[in-house]
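Undergrad: Have a look at the structure that comes next, please.
Each reported figure results from applying straightforward, stated rules to the coordinates on display, with no laboratory input. Just so we're clear, the structure is a prediction, and the values are computed from it rather than from any experiment. Reconstructed Cβ throughout: ideal geometry from the backbone, glycine too, with neighbour counts over all protein chains shown.
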Amino acid sequence: MREKTFFKKFLPIIILFVVTPANVYSQKDQELYYQAVQLAREKEVDIAFSYFDLLLHCFPNSKFREESLFAVGEYYFSISAYTEARESFERFIKRYSHSPAKIFALSYLLKISQQRNDYIKVKELEKQIIKFQQTSLVFREFKKLQYLSPFLKQYRALYFIDHIEVYVDEDLLVKINF
């Protein structure tokens, strides 16, 4: 049944790209991106991932590339494909160094490095996360950064005076003491 659903939703998009002239492609990346987000909303994450990945390969200059690349890394992490997740997040950080999602990509890389017991990389990533946001906490307990991913996950980074906590939805992803 799951395979039938996959082909039912994925086959039309393949046909669309095969029969569509190249000069119309520039309009198709937006359509593909929004279909992927809609599939994520419907909890069809495997198919949504395929759409995000297809967008990355077919539209290398798309304005939706940043969000799609983050989504691909996010998906790989969720299925424990840590090598692929690491590669996606490293590409994301390299290409989109000023993205508001950068701290969350760094946090995923930190979590992967912790799981691999790569202590040198852990320390390097912790320093990058600490330096990511200039924090002035005058009259406040913490500073909050937020990001909503294409997979509709709510990310929060809370900068306290002595530590940082990064959450995915309500789950703690990483905590860094300093």
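Undergrad: At 0.36 nm per residue, and after removing the present C-alpha to C-alpha distance, how many nm does the segment from residue 81 to residue 128 gain when stretched out fully?
TA: Numbers: separation 47, 0.36 × 47 = 16.92 nm, distance 2.34 nm.
Net length gain for the segment: 14.6 nm.
Undergrad: Treat the count of other C-beta atoms within 10 Å as a stand-in for reagent exposure and order 109, 152 from fewest to most.
TA: Details: 109 26, 152 14.
Fewest to most other Cβ atoms nearby, the residues stand as 152, 109.
Undergrad: What FRET efficiency, computed as 1/(1 + (r/R0)^6) with R0 = 25 Å and r the Cβ-Cβ distance, is obtained for residue 152 and residue 119, rounded to the nearest 0.05?
TA: The computed FRET efficiency comes out at 0.15.
Undergrad: So what's the net charge close to residue 115: Lys and Arg +1, Asp and Glu -1, counting the other residues with Cβ under 12 Å from its Cβ? Present the calculation step by step, with values, prior to reporting the outcome.
TA: Details: positive: 86, 111, 116, 121; negative: 118.
Summing Lys and Arg as +1 and Asp and Glu as -1 gives +3.
Undergrad: Using the charge dipole of the stretch 97-178 (Lys, Arg: +1 at Cβ; Asp, Glu: -1 at Cβ; taken about the Cα centre), state which of 97, 129, 174 has its Cα farthest towards the positive end.
TA: Projecting each Cα onto the dipole axis, the largest value belongs to 97.
Undergrad: Let a ≥ b ≥ c be the square roots of the eigenvalues of the Cα gyration tensor of the stretch 97-178; is it rounded (a/c under 1.5), or, if not, prolate (a/b larger than b/c) or oblate? Intermediate results must be reported in sequence, preceding the final value.
TA: Details: a/c = 1.67, a/b = 1.14, b/c = 1.46.
It is oblate, given that a/c is not under 1.5 and a/b is not larger than b/c.
Undergrad: Now a separate question. If the cut-off is a Cα-Cα distance under 27 Å, which lysines reach residue 94, setting aside same-chain residues fewer than 8 apart in sequence?
TA: Hits, sequence-local ones excluded: 28, 63, 102, 111, 121, 123, 127, 131, 143, 144, 153, 175.
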